[in-house]
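Peer 1: Got a structure for you, questions after.
The values are calculated or read from the model by the stated rules, or taken from the named source; none is laboratory data. Owing to the predicted nature of the structure, the values given are computational and were not obtained by experimental measurement. Every residue, glycine as well, gets a Cβ built from its backbone with ideal geometry; the counts of neighbours run over all protein chains shown. SASA here: full protein model, heavy atoms, side chains in, ligands and nucleic acids out. Shrake-Rupley method; radii C 1.70, N 1.55, O 1.52, S 1.80 Å.
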Amino acid sequence: MALVKNQTCISHFILLGLFNHTPLHLLLFSTIMVMFLVALFGNGLMIFLINTDSCLHSPMYFFLSWLSLMDLMLISTIVPRMAIDYLLGHGSISFTGCGFQILFFLTLLGDECFLLAFMAYDRYVAISNPLRYSVIMSRRVCWLMVAGSWLFGLVDGLFQAIYTLSFPYCGSQEIDHFFCDIPAVLKLACADTSIYEALIYVCCILMLLLPFSVISVSYLLIFVTVLRMHSAEGRKKAFATCSSHMAVVSLFYGAAMITYMRPQTYHSSKQDKVVSAFYTMITPMLNPLIYSLRNKEVAGALKKLLRRCPCGGGQE
């Protein structure tokens with residue numbers, strides 16, 4: 001009780017941000033803004049193509065459209081706020097605003113973890129059991145998988161946002177980060193957070209390791225199936241389809257595990273900022289590029305769209 005009585009009530013935090021006001025950091029800030037615009041355009045275009053082109057109305061592209069939406073929301077949760085703070089020269093964020101940012105960020109992060117696992121399972125069924133693919137991956141099953149991803153992400157986000165802000169914050173208000181990331185926020189807590197850190201590890205096992213295990217097993221089984229194929233063309237097509245997803249998984253899970261599966265004592269603010277920038281900005285920008293550049297069907301849908309567009313070269 002003494003701790004609660006002596007704590008100073010904090011109504012807001014101060015985000016120190018990612019950049020200083022130097023020529024080099026101004027260049028880096030401009031680069032981030034270009035990446036943000038590319039991510040908005042790329043993911044928005046993927047969603048539009050998948051929903052308007054009948055050739056892309058399959059479970060794989062259904063999941064991909066949701067991945068693009070999640071990436072769009074994830075980068076929009078972080079970058080606009082960071083840009084405004086940098087341009088205004090201060091990063092004040094209310095206690096409630098910080099809680100909502102944690103909620104939205106972790107919900108979307110959890111969504112992507114499970115959606116990527118479902119996408120790996122979809123590829124496993126398509127390659128290992130093609131004759132029953134349409135039955136196993138029915139529209140209803142796909143919707144249940146997407147709904148499950150959102151549910152698990154929301155539960156995790158709510159739990160961690162509420163628990164993080166339940167600690168007393170009675171010292172510094174400065175969060176050494178460009179958004180309200182939990183490890184950075186917990187450093188300001190005036191209480192023992194060791195039990196909560198243990199709970200975070202449990203959440204990480206559920207939200208990161210379990211989906212990653214599903215992905216690993218799925219691709220191991222895919223690899224075995226592909227090696228048994230007699231057709232070299234079939235093997236090439238299977239590897240091409242799966243390599244894009246494996247690239248996205250490696251980028252996303254690698255950065256997330258580095259951030260959330262290290263003990264609090266091993267966290268460095270500089271490292272956390274760089275790694276966080278990777279999966280909150282770089283990955284959402286790269287995902288549509290990886291899938292579109294390595295996918296003939298998406299490229300074909302884009303060409304059809306450009307041919308229909310008056311500014312794209314006229315009519316056939």
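Peer 1: Just the residues that are of a type in the set (S, T, Y), modelled with pLDDT under 90 and in a helix (DSSP H, G or I), please, taken from the range 58-95.
Peer 2: Result: Y86, single match.
Peer 1: Next question. Do you know which of the residues in the range 164-173 that are surrounded by fewer than 16 Cβ atoms within 10 Å (Cβ to Cβ) and either among the hydroxyl-bearing types (S, T, Y) or in contact with an Asp or Glu (Cβ under 9 Å, 6 or more places away or on another chain) (or both) is farthest from T96 (Cα to Cα)?
Peer 2: For the range 164-173, the residue satisfying everything is S172.
Peer 1: Now for a separate question. Can you find a residue that is surrounded by fewer than 19 Cβ atoms within 10 Å (Cβ to Cβ), more than 28 Å from L64 (Cα to Cα) and hydroxyl-bearing (S, T, Y) anywhere in the range 242-250?
Peer 2: No, there is no match, as no residue in the range 242-250 is surrounded by fewer than 19 Cβ atoms within 10 Å (Cβ to Cβ), more than 28 Å from L64 (Cα to Cα) and hydroxyl-bearing (S, T, Y).
Peer 1: As an exercise: evaluate G153 against (1) crowded, with 21+ Cβ neighbours inside 10 Å; (2) under 24 Å from I84 (Cα atoms) and give the number of the one condition it does not meet.
Peer 2: Every listed condition holds for G153 apart from (2).
Peer 1: Another question, if that's okay. Please work out if C180 is over 27 Å from the mean Cα position of the chain (by Cα), buried (at least 16 other Cβ atoms within 10 Å of the Cβ) and in a loop (DSSP other than H, G, I, E, B). I'd like the intermediate steps shown before the answer.
Peer 2: On the way: over 27 Å from the mean Cα position of the chain (by Cα): no; buried (at least 16 other Cβ atoms within 10 Å of the Cβ): yes; in a loop (DSSP other than H, G, I, E, B): yes.
Criteria not met by C180.
Peer 1: Can you tell which of Y201, Y163 is more than 21 Å from the chain's Cα centre (by Cα) and hydroxyl-bearing (S, T, Y)?
Peer 2: Numbers: Y201 fails: more than 21 Å from the chain's Cα centre (by Cα).
Just one listed residue meets the conditions, Y163.
Peer 1: Related question: Taking the condition touching a residue at least 60 places away in the same chain (Cβ under 8 Å) and at negative phi, does A189 pass? It would help to see each step written out before you state the result.
Peer 2: Values: touching a residue at least 60 places away in the same chain (Cβ under 8 Å): no; at negative phi: yes.
No, not satisfied.
Peer 1: Which numbered condition in (1) touching a residue at least 40 places away in the same chain (Cβ under 8 Å); (2) surrounded by fewer than 22 Cβ atoms within 10 Å (Cβ to Cβ); (3) among the hydroxyl-bearing types (S, T, Y) is the only one that S134 fails?
Peer 2: Going through the list (1) touching a residue at least 40 places away in the same chain (Cβ under 8 Å); (2) surrounded by fewer than 22 Cβ atoms within 10 Å (Cβ to Cβ); (3) among the hydroxyl-bearing types (S, T, Y), S134 breaks only (1).
Peer 1: Run down Q160, Q101 and say which single residue is touching a strand residue (DSSP E or B) at 6+ places or on another chain (Cβ under 8 Å), surrounded by 18 or more Cβ atoms within 10 Å (Cβ to Cβ) and in a helix (DSSP H, G or I). Steps first, please.
Peer 2: Values: Q160 fails: touching a strand residue (DSSP E or B) at 6+ places or on another chain (Cβ under 8 Å).
Every option except Q101 fails the conditions.
Peer 1: Kindly provide the set of residues from the range 47-72 that are closer than 15 Å to H245 by Cα and among the aliphatic types (A, V, I, L, M), ordered by number. Steps first, answer last, please.
Peer 2: Here is the first cut: in the range 47-72, the ones closer than 15 Å to H245 by Cα are 59-68, 71.
Hits for the range 47-72 are M60, L64, L67.
Peer 1: So which of F13, F29 is open to solvent by less than 30 Å² (accessible area, probe 1.4 Å), over 20 Å from L116 (Cβ atoms), of a type in the set (F, W, Y) and within 23 Å of the chain's Cα centre (by Cα)? So that I can check it myself, show each step before the final result.
Peer 2: Numbers: F13 fails: within 23 Å of the chain's Cα centre (by Cα).
After applying the criteria, what remains is F29.
Peer 1: Could you list, in sequence order, the residues of the range 33-57 that are under 17 Å from the mean Cα position of the chain (by Cα) and open to solvent by less than 90 Å² (accessible area, probe 1.4 Å)? Let's see the steps before the verdict.
Peer 2: First, pick out the residues of the range 33-57 that are under 17 Å from the mean Cα position of the chain (by Cα): 35-44, 46-47.
Residues satisfying the conditions are M35, F36, V38, A39, L40, G42, N43, G44, M46, I47.
Peer 1: Regarding D85, is this residue open to solvent by 10 Å² or more (accessible area, probe 1.4 Å), acidic (D, E) and in contact with a Ser or Thr (Cβ under 9 Å, 6 or more places away or on another chain)? Break it down stepwise before answering.
Peer 2: Values: open to solvent by 10 Å² or more (accessible area, probe 1.4 Å): yes; acidic (D, E): yes; in contact with a Ser or Thr (Cβ under 9 Å, 6 or more places away or on another chain): yes.
Yes, satisfied.
Peer 1: Something else: Return only the number of the condition from (1) closer than 27 Å to L103 by Cα; (2) surrounded by 15 or more Cβ atoms within 10 Å (Cβ to Cβ); (3) not aromatic (F, W, Y) that I205 does not satisfy.
Peer 2: (2)
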